[in-house]
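Participant: Below is the structure I would like to discuss, written out as structure tokens.
The values are calculated or read from the model by the stated rules, or taken from the named source; none is laboratory data. Just so we're clear, the structure is a prediction, and the values are computed from it rather than from any experiment. Cβ: placed from backbone, ideal geometry, glycine included. Neighbour counts: every protein chain shown. The area values use the complete protein model at the heavy-atom level, side chains included, leaving out ligands, DNA and RNA. Shrake-Rupley method; radii C 1.70, N 1.55, O 1.52, S 1.80 Å.
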Amino acid sequence: MTFDTQHVRAVIERAKSEERTMLTPDEALAVANAYQIPVPAQQIANSAEEAASIVESRERPQVFKVISNDIVHKTDAGAVVTGVVGADAARDAYDGVVSNAKSSNPDASIEGVLVQEQAEAGLEVIVGGTTDPVFGKLVAFGLGGIMVEVLQDVTFRLAPATTEDAREMLDEISGSEMLDGVRGMPAVDRGGIARLTASVSQLIADVPQISEIDLNPVIATADGVCAVDVRILLDFEEPVQRPRPSQEEILAAMSRIMRPSAVAVIGASAEEGKIGNSVMKNLIDGGYQGHLYPVHPRAEEILGKKCYASVLDIPTEVDIAIFCIPARFVASVIAECGEKNIAGAILIPSGFAEIGEHELQNEVVEAARKHNVRLMGPNIYGFYYTHHDLCATFCTPYTERGPVALSSQSGGVGMAIIGFSRSAKMGVSAIVGLGNKADIDEDDLLTFFEEDPNTQVVAMHVEDLKDGRAFAEVASRVSKKKPVVVLKAGRTQQGARAASSHTGALAGNDRVYDAVLRQSGVIRVHSLNDMLEYARGLAVLPDPKGENVLILTGAGGSGVLLSDACVDHGLKLMGMPEDLDAAFREFIPPFGAAGNPVDITGGEPPSTYSATIDLALHDERIHALILGYWHTIITPPMVFAELLADAVERAREEGIDKPVACSLVGDVEVEEACEFLNDHQVLAYPYTAEKPVAVLGAKYQWSHQARMLDSPIG
């Protein structure tokens, strides 16, 4: 489609010259026509007689709407009349809507009455655009009409969105089935809605002065779409642009920061209990092999390392400086770091924006930008990069290497990440604290982890995004290669902005985050434990080769719970082929159940478990296996764990490596069995049927969005 952007800009400039922040109906009509947005024939009447003349010239019934920027919900105010036919009815309608509008809001400014050809009956939807403080220009789609704010059935995409994006939006709303016809209503033109949504997204992206677009309702029928109400709001204030280095610049700086050859500790201390002492000890005890330079104005040596009064005195190149000094001294030392060509400053000190000291933080940021130093923090616990033996933190060393990278804004959450990693024996590539995010944030980390061969899964705790659009751009790219898991804290909806439009009122903070994270291919979780378990599990589970999931259980009750969990997490239980059904029945008792789930019953010996597990692992039609173990004396938990680990290991040696997730229920012995299985890279959880299925569902979700599997997950 081709659009007349120049004409729209001319309309906007005229409104700007008249100091208006809302387009008139005639201007909105001109903009709609320029972007191929279907609207009914319409004309403005400034008197009852003028309205009567308009109606007499038209064949179809008309709709009368008061034109007033001061009345958003015109139907509630009685300022809309439908089905107007004939001159007398037109005069009555004109007088009626004006009178009702004045009664509803005596101070309202009324610019006339819009006389519009009445659209044929159909499904009412809303299509809109809005400007979000985090993500910028967005397009919205949902069920519309007078109940739009009550239903709040709406989803979003970054603008501009493609027609394919728009088609996905149609499937995301809860009322999606209504588009296909319900209770005798015909299916609507989904293609027409998608094209309209894409056009609106292009409009708000092309013309930044448009802050909100509200098409509500849009009447959707089998034959097409028609926007019967077009409301366009303007904002001429120039947005503040966040400085953003190029991808190459980010990667160059982050590589030096995460894998430094030389580290300076500014404020290093020989005194126990000081942060500068803990950081030095952790770097040494963690096994860091690069150059380590304590910096202190008076000390000669700290923990066996020669001390320097300033980073400028250090004889070699330095990659990062870890700050352990009071906040008020940071800015001046940042300038010295810049002069020394230090890539990154790790700002452990608090006392900045988190306590209201925004000026002090801004001073540090300005100094860093002036001298080309990237900042991590301030107000952080530091970071780990295990594959470089780097414990740049005052926390205890963590040296368990693995493929999972984790980050958090909160220090408390960071402690939980470290504790869980130890407890679960989860190998990590990195654990990073971001704190106030004065500079380095999640998209910088993702840029590094994307290229880091030691990282295969990224999990992030996020309280806010400084630049949501930059994050979405990088996450969309990274998530096609590696799973990205996000825990977004603060899910409660912020109060809607002043209800100047339906779209603006619907753009609650979490609803937008949810939609954009989904668009970016991110796996979103809603609890800290889920973030950590998904990170661990995604690193263990191999990529599935197909959709067919089989449940093998020793208890019917577990099979039911596991089946329910599969439905909840979009997994497809395979239909059981006759020959495979017969093969399983060879090993299970007559009162057991083949089919799917396969129930071998609780009284079976280890040989039955071994035979059925081997069968499931070796049949190519089964793409993933969920095991529901029930504690029995005949096959105790550790016996089950050992035979399963052996079976999986043998299959892997034969080149068979399919996802296996286990639920073990029983007495406390199942905990030891799960620990054994996890030590042998078989994902297992005690006392829960839902968790292993949820993690397997996340693996499938990522496999679909990364296009490893063709069909979208249900």
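Participant: In terms of solvent-accessible area of protein heavy atoms at a 1.4 angstrom probe, what is the ranking of 702, 630, highest value first?
Facilitator: 630, 702
Participant: With the dipole of the range 151-298 worked out from charges on the C-beta (+1 for Lys and Arg, -1 for Asp and Glu) around the Cα centre, which of 160, 253, 170 lies farthest toward the positive end?
Facilitator: Looking along the dipole axis, the top candidate is 253.
Participant: Right, something else. Expressed as an acute angle from 0 to 90° and rounded to the nearest 10, what is the orientation of the C-alpha long axis of helix 509-519 relative to the principal long axis of the chain?
Facilitator: Once rounded, one gets 70 degrees.
Participant: Suppose every Lys and Arg Cβ carries +1 and every Asp and Glu Cβ carries -1, with no other charges. What dipole size does the range 282-428 come out with about its Cα centre, to the nearest 20 debye?
Facilitator: 340 debye
Participant: Given a 1.4 angstrom probe, what's the average accessible area per residue across the range 359-467, in square angstrom?
Facilitator: Here the residues of the range 359-467 average 31 Å² of exposed surface.
Participant: May I ask you to work out the translational diffusion coefficient for the range 602-708 at 37 °C, viscosity 0.692 mPa s, via Stokes-Einstein with Rh from the Kirkwood sum over Cα pairs, reported in whole µm²/s?
Facilitator: It diffuses with D of about 232 µm²/s by this estimate.
Participant: Can I ask one more? I'm a student and want to see the number: the projected area of the Cα convex hull of the range 40-135, averaged over all directions, in nm².
Facilitator: Averaged projected area of the range 40-135's Cα convex hull equals 7.5 nm².
Participant: Quick check for me: using +1 on Lys/Arg Cβ and -1 on Asp/Glu Cβ, what's the dipole size of the chain about its Cα centre, in debye to the nearest 20?
Facilitator: Around 1260 debye, computed over the chain.
Participant: What nm distance separates the two modelled labels at residue 362 and residue 543, each placed 7 Å from Cα along Cα→Cβ?
Facilitator: It is 4.8 nm.
Participant: Cut-off 19 Å, label point 7 angstrom out along Cα-to-Cβ of residue 614: give me the residues of the range 653-680 whose amide nitrogen falls inside.
Facilitator: 653-658
Participant: With a bin width of 5 angstrom, please list the P(r) values of the range 350-474 as percents of all Cα-Cα pairs, from the 0 bin to the one holding the largest distance.
Facilitator: 2, 11, 21, 23, 20, 13, 7, 2, 0
Participant: Something else now. Pairs to check: 281/306; 658/699; 482/572; 488/658. Give those whose C-alpha atoms are more than 21 Å from each other in this structure.
Facilitator: The answer is 482/572; 488/658.
Participant: Residue farthest toward the positive end of the dipole of the chain, with Cβ of Lys/Arg at +1 and Asp/Glu at -1: which of 54, 709, 218?
Facilitator: 709
Participant: All other residues with a Cβ under 14 Å from the Cβ of residue 450 taken together, and with Lys, Arg as +1 and Asp, Glu as -1, what is their net charge?
Facilitator: For residues surrounding residue 450, the net value is -3.
Participant: Give me the net charge for the shell around residue 9: Cβ to Cβ below 13 angstrom, other residues only, Lys and Arg +1, Asp and Glu -1.
Facilitator: Net local charge, residue 9 excluded: -2.
Participant: Also: Can you list, bin by bin at 20 Å, the percent of alpha carbon pairs in the chain, starting at 0?
Facilitator: Taking all Cα pairs of the chain, the binned fractions are 16, 37, 32, 15, 1 percent.
Participant: Taking the Cα-to-Cβ direction at residue 274 and at residue 105 and moving 7 Å from each Cα, how far apart do the two end points lie in nm?
Facilitator: It works out to 6.4 nm between the two label points.
Participant: Toward the positive end of the charge dipole of the chain, about the Cα centre and with charges on Cβ (Lys, Arg +1; Asp, Glu -1), which of 414, 196, 636 goes farthest?
Facilitator: With unit charges placed on the Cβ atoms, the residue in question is 414.
Participant: So, one more: Restrict the search to the range 34-80; then list the GluC sites (Glu not before Pro) that DSSP places in a loop and that have at most 14 other Cβ atoms within 10 Å of their Cβ.
Facilitator: Sparse-neighbourhood loop GluC sites (Glu not before Pro): 59.
Participant: Arrange the peptides 420-432, 213-225 so that the one whose residues have, on average, the most other Cβ atoms within 10 Å appears first.
Facilitator: 213-225, 420-432
Participant: I want the local charge near residue 591. Using Cβ-Cβ distances under 14 Å, sum +1 for each Lys or Arg and -1 for each Asp or Glu among the other residues.
Facilitator: My count for the surroundings of residue 591 gives -1.
Participant: Against the longest alpha carbon principal axis of the chain, how many degrees, from 0 to 90 and to the nearest 10, is the axis of helix 606-618 turned?
Facilitator: 50 degrees
Participant: For the range 630-673, just the Cα atoms, rotate onto the principal axes and tell me the three extents in Å, largest first.
Facilitator: Extents along the principal axes, in whole Å: 34, 17, 14.
Participant: Assign unit charges at the C-beta atoms only (+1 for Lys and Arg, -1 for Asp and Glu), then state the dipole size of the range 589-714 relative to its Cα centre in Debye, rounded to the nearest 20.
Facilitator: Dipole about the Cα centre, nearest 20: 560 debye.
Participant: Express as a percent, rounded to the nearest 5, the fraction of DSSP beta bridges in the chain (both residues included) that run antiparallel.
Facilitator: The answer is about 50 percent antiparallel.
Participant: Listed highest first by mean packing, meaning other Cβ atoms within 10 Å per residue, what order do 74-82, 200-208 come in?
Facilitator: 200-208, 74-82
Participant: I've got another one for you. Could you state the angle between the C-alpha long axis of helix 442-451 and the longest principal axis of the C-alpha atoms of the chain, as a value from 0 to 90 degrees rounded to the nearest 10?
Facilitator: 60 degrees
Participant: Still on this structure, I have one more. May I ask you to list the lysines whose Cα is less than 29 Å away from that of residue 16, ignoring any residue fewer than eight positions away on the same chain?
Facilitator: Partners within reach: 65, 74, 102, 137.
Participant: What are the residues whose amide H is under 5 Å from the amide H of residue 459, where those residues sit 5 or more places off or on another chain and H is modelled from the backbone?
Facilitator: 405, 406, 407, 485
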